[in-house]
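Notes to accompany the following structure.
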Amino acid sequence: MLAWRDIAVRYKQTVIGAAWVLFRPFLTMVIFTVVFGKIAKLPSDGTTPYALMVFAGLLPWSFFSTALADAANSLVGNANLISKVYFPRLIVPIAAVMAAFIDFLISFAILVGLMIWYQFFPGRQILLLPPFAAIAFLASLGIGMWITALNVKYRDFRYVIPFIIQMGLYVSPVGFSSNVVPDGWRLIYSLNPMVGIIDGFRWCLLGGESQLYLPGLGLSIGVTLFYVWFGIRQFRKMEKSFADLI
């Protein structure tokens, strides 16, 4: 119910409504393709069209960034509800991530259209896309719960969150392939949990043209699980004071 309420509020009294969910990643894909593919001339993965490779990376990143921003502000945005009635507070950031996942499903329609346009279709790896989507969900939720708890206590975090998301866009392999990272740095680079998730999405969606770096994938999954544990731990630790602080 909270997730559907967030979706209704997001698109209430809007001009283009849900079309913005399609327009934003598409425009970002065009800009990244021109800057990284045409001007910087960075390589794509195998024979994959550069635009398709970029959008396959934008899908999980857009979901992660939207979910992180919404989850981080979810408790403050529901201050009236939290101060009046008791319920498990974890429901609030989970609902925010679920609402962002609906946007992810809408954006997936663009990828289908691009694949038809380029006549580039996935192989059997597409069957493993749901597990990678689940990992992206957990990464968003784990980090989101931690930042949510901090945002309740330290309100200046609302200025830090957009900066973190902006920096994350450029340090994650969204507009380029992670294969351009030198081999000696790839494992360290995979400490960013979105690296393994984005590579996994591309591997599933691009028919194996994008190869998986298994040590990095394992490290990214491990970091994601750590953030889930740490996020829940910090959230539950500060949960009793939420009603007073809000």
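The values are calculated or read from the model by the stated rules, or taken from the named source; none is laboratory data. Given the structure is predicted, the values throughout are model-derived calculations rather than measurements. Please note: Cβ atoms are built from the backbone with ideal geometry, for glycine as well, and neighbour counts cover all protein chains shown. Each accessible area value is taken on the protein alone, full model and side chains, heavy atoms only, with ligands, DNA and RNA left out. Shrake-Rupley method; radii C 1.70, N 1.55, O 1.52, S 1.80 Å.
Observations
- Summed over segment 152-187, residues that are surrounded by fewer than 16 Cβ atoms within 10 Å (Cβ to Cβ), without any contact (Cβ under 8 Å) to a residue 40 or more places away in the chain and assigned to a loop (DSSP other than H, G, I, E, B) total 3.
- Evaluation of GLN119 against the conditions (1) touching a Pro at 6+ places or on another chain (Cβ under 8 Å); (2) farther than 30 Å from VAL76 by Cα; (3) open to solvent by 20 Å² or more (accessible area, probe 1.4 Å) shows that the sole unmet condition is (1).
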